[in-house]
Amino acid sequence: MRPWRDHLDADDPLITDDGPGAPDLTAAGTLLHVWASRWEASPHAPLWKEGDRWWTAGEFDDATRRAAGRLRAAGLEPGDRLVWSTGSSVDSLAAHVGALRAGLVVVPANTAYGERELALIVSDVRARAAIVERADQAEWARRAGGNSMVVAGPDLDLADGDPGELDLAGADDPALICFTSGTTGAPKGAVLRHRNLLAASESVTRAWRMDAEDRLVHCLPVFHAHGLMVGIYGTLTAGGSAVLLPGFDPDSVAAAAGDERATLFFGVPTMYHRLVASGRAGELSALRLCVSGSAPLSADLHQAATEAIGTVILERYGMTETLMNTSNPYVGERRAGTVGFPLPGVEVRIDDAGEVLLRGPNIFDGYFEREAANAESFRDLGDGGGRWFATGDLGADEDGYLVIRGRSKELIISGGFNVYPAEVEDVLVRHPDIREVAVTGTASDEWGEVVTAWVVVDGPAPSVGELRAFSEGSLAPFKQPRLVRTVDALPRNALGKVVRSQLG
Ligand code: MLC
Ligand code: AMP
């Protein structure tokens, strides 16, 4: 595979004379130090646009201090876990960054989650606080967290307090716990330390040449790696600015790109599909960089979006546990159907079974309180350079570029959101007319994959609408099936295990 140096200009200070060693991406300590020094140096720089209002860096700095003071006054202490389930707004970002500045560990959660999904997270990390914008989620967080749980909205409607000394977290302290299912089974929290976040942010912002002149059109959810660690943290690290849209729609993205003289757009393939279909993609032509990630971008969609926008889409490959791993280059050939080559600091290896293994300062070192899963997820190959993380993605090196050929893990990616078949099956099998069920992903031009339920029934076959209604409260809408197929029996192997790959 091409070396990470090919992402950088020859005079980039990350490339040292000391030979082929890894670059030092964590010299700055923590992201909080990087951000605080940017705000201090340029307090009047525009940072976020929300609605009609621009917030400056100095105003945001103040808002994060206020948030940190309120969280401290509410009795929260460094290391306490705070669940954060909000849309994209300056209030919610100030609460998030304020929590990190106060030394808390932020646990992002999808705003679409129902009670079962949210309660699982609150109890797993023994959260002491939750910032949620939906009244029902507030109620569920209280129920799962008990009487001492601090629950507030994104505007942190709590009493003011003295923020005290901020940004004391060290590079090895946990910053985020992000829930994902890894290669197997049940949801678990990937612990990302401050050094992981810093390394990933430094690596990506340098590779993509992000700086203070940049302006991002931001429409991704902020509770996942793409929107949060690439979009929000990338903007803060580069010292640039972002237009915060509450969600994606082609008209607002096109309007923001033109009206705000934006330079960057980050999206998932479904967004590019919808932009092309809208006929407004050409309004993004002045952007200097459009990035796609979180799910495979087909070569056809790559070409269609590149033609419609007029700039070659840059595809990259990331993961919650590892943040960004590989990318097509900013300068040089961006090859459709590939995810490029290792970003600065990242080592990529493909094992004999074709699985992608990763090592680097961006990569987490374990799931929260999951010894067995941790033992399974990391491999010591005896090369002296530390353990490799096994991604569950299947890849190949094609002429220096990584191609993701599929997954060994059982995961459906629908519109960039992950859906785990076993979780959906566990809910659907409780339906009175369903004897057995298996869940798979069916290819879709718009969504990448859609969730399909294969059912063996005892009574009348339930419709899609009926199964969606039945899943309400147990499964967020994006996990609910969009297709239902009735079969006489599910395919099983010699051990009696359902072979999902034989369906469809
Ligand atoms: C919304 N719906 C989805 C869905 N998103 N269903 C399946 N898959 C999805 N991804 C549901 C809605 O709840 C609604 O259900 C119905 O579909 C129609 O909604 P919509 O209005 O058409 O969808 P919209 O709200 O526009 O959302 C589409 C989207 C969104 C593409 C904008 O899914 C999105 O923001 N995706 C990005 C996900 C992301 O950020 N992933 C990064 C993970 S980090 P109903 O029942 O109400 O009709 C990661 C690492 C890395 O993977 O490498 O980056
Ligand atoms: P998540 O756990 O939400 O972080 O999802 C990570 C998974 O998304 C990876 O393990 C891959 O399977 C997939 N993924 C992310 N980016 C890409 C990409 N560009 N191409 C193919 N798959 C991707």
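Would you mind stating whether E436 is in a helix (DSSP H, G or I) and among the charged types (D, E, K, R)?
So E436 fails the test.
Just the residues that are of a type in the set (S, T, Y) and within 14 Å of ligand 2 (Cβ to nearest atom), please, taken from the range 267-282.
T270, Y272
Of the residues P361, P432, which single one is within 18 Å of the chain's Cα centre (by Cα), more than 30 Å from Q303 (Cβ to Cβ) and away from ligand 1 (no atom under 16 Å from the Cβ)?
Answer to the selection: P361.
Take residues that are open to solvent by 20 Å² or more (accessible area, probe 1.4 Å), small (G, A, S) and touching a strand residue (DSSP E or B) at 6+ places or on another chain (Cβ under 7 Å) and tell me which of the strands (runs of 3 or more DSSP E) falling wholly in the range 97-205 contain 2 or more.
Strands (runs of 3 or more DSSP E) meeting the threshold: none at all.
Search the range 303-315 for residues being without any contact (Cβ under 8 Å) to a residue 40 or more places away in the chain and within 16 Å of ligand 1 (Cβ to nearest atom), and hand back the single one that is farthest from the chain's Cα centre (by Cα).
A305
Across the range 212-254, what is the total count of residues that are touching a helix residue (DSSP H, G or I) at 6+ places or on another chain (Cβ under 7 Å), part of a loop (DSSP other than H, G, I, E, B) and within 16 Å of ligand 2 (Cβ to nearest atom)?
The total comes to 3.
Just the residues that are of a type in the set (G, A, S) and at negative phi, please, taken from the range 351-405.
A353, A372, A373, A375, S377, G385, A390, G395, A396
Exactly one of (1) on the phi < 0 side of the Ramachandran plot; (2) at pLDDT below 95 is unmet by G29. Its number?
(1) is the only condition that G29 fails.
Examine the range 229-236 for a residue that is buried (at least 18 other Cβ atoms within 10 Å of the Cβ), touching a residue at least 60 places away in the same chain (Cβ under 8 Å) and more than 27 Å from L411 (Cα to Cα), and state whether such a residue exists.
yes
Conditions first: (1) outside any strand (DSSP E or B); (2) of a type in the set (G, A, S); (3) at pLDDT 95 or above. G386 passes all but one, so which condition is the exception?
Failed condition: (3).
Given the residues P46, P78, which is the only one that is open to solvent by 50 Å² or more (accessible area, probe 1.4 Å), in contact (Cβ under 8 Å) with a residue 60 or more places away in the chain and in contact with a Ser or Thr (Cβ under 7 Å, 6 or more places away or on another chain)?
Going through P46, P78 in turn, just one is open to solvent by 50 Å² or more (accessible area, probe 1.4 Å), in contact (Cβ under 8 Å) with a residue 60 or more places away in the chain and in contact with a Ser or Thr (Cβ under 7 Å, 6 or more places away or on another chain): P46.
Kindly state which strands (runs of 3 or more DSSP E) lie completely within the range 295-365 and contain at least 3 residues that are surrounded by 20 or more Cβ atoms within 10 Å (Cβ to Cβ).
Strands (runs of 3 or more DSSP E) meeting the threshold: 314-319, 323-327, 355-359.
Has the range 317-325 got at least one residue that is over 22 Å from C178 (Cα atoms) and in contact with a Gly (Cβ under 7 Å, 6 or more places away or on another chain)?
No, the range 317-325 contains no residue that is over 22 Å from C178 (Cα atoms) and in contact with a Gly (Cβ under 7 Å, 6 or more places away or on another chain).
Among the residues of the range 449-467 satisfying the criterion of being more than 11 Å from I434 (Cβ to Cβ) and either part of a helix (DSSP H, G or I) or polar (S, T, N, Q) (or both), which is least open to solvent (accessible area, probe 1.4 Å)?
Per the criteria, the residue is T452.
Got a number for residues in the range 366-380 being in a loop (DSSP other than H, G, I, E, B) and either among the aromatic types (F, W, Y) or at pLDDT below 95 (or both)?
Adding up the residues that qualify gives 1.
Do you know which residues across the range 413-429 are within 13 Å of ligand 1 (Cβ to nearest atom), within 18 Å of V498 (Cβ to Cβ) and either in a helix (DSSP H, G or I) or open to solvent by 10 Å² or more (accessible area, probe 1.4 Å) (or both)?
V424
Here are F478, F470: which of them is of a type in the set (A, V, I, L, M, F, W, C), touching a residue at least 12 places away in the same chain (Cβ under 8 Å) and open to solvent by less than 40 Å² (accessible area, probe 1.4 Å)?
The conditions single out F478.
Could you tell me whether any residue of the range 267-289 is away from ligand 1 (no atom under 13 Å from the Cβ), surrounded by fewer than 23 Cβ atoms within 10 Å (Cβ to Cβ), part of a strand (DSSP E or B) and touching a residue at least 60 places away in the same chain (Cβ under 8 Å)?
Taking every residue of the range 267-289 in turn, at least one turns out to be away from ligand 1 (no atom under 13 Å from the Cβ), surrounded by fewer than 23 Cβ atoms within 10 Å (Cβ to Cβ), part of a strand (DSSP E or B) and touching a residue at least 60 places away in the same chain (Cβ under 8 Å).
Is it the case that some residue within the range 247-254 is surrounded by 23 or more Cβ atoms within 10 Å (Cβ to Cβ), within 12 Å of ligand 1 (Cβ to nearest atom) and at pLDDT 95 or above?
Yes, because at least one residue in the range 247-254 is surrounded by 23 or more Cβ atoms within 10 Å (Cβ to Cβ), within 12 Å of ligand 1 (Cβ to nearest atom) and at pLDDT 95 or above.
Picking from L220, L228, L264, which residue would you name as being among the hydrophobic types (A, V, I, L, M, F, W, C) and touching an Asp or Glu at 6+ places or on another chain (Cβ under 6 Å)?
None of the others qualify; the one that does is L264.
The values are calculated or read from the model by the stated rules, or taken from the named source; none is laboratory data. Only a predicted model underlies this, so the values are computations on that prediction, with no experimental measurement involved. Positions of Cβ are generated from backbone atoms using ideal geometry, with glycine treated the same way; all protein chains shown enter the neighbour counts. Surface areas here come from the heavy atoms of the whole protein model, side chains and all, with no ligands, DNA or RNA. Shrake-Rupley method; radii C 1.70, N 1.55, O 1.52, S 1.80 Å.
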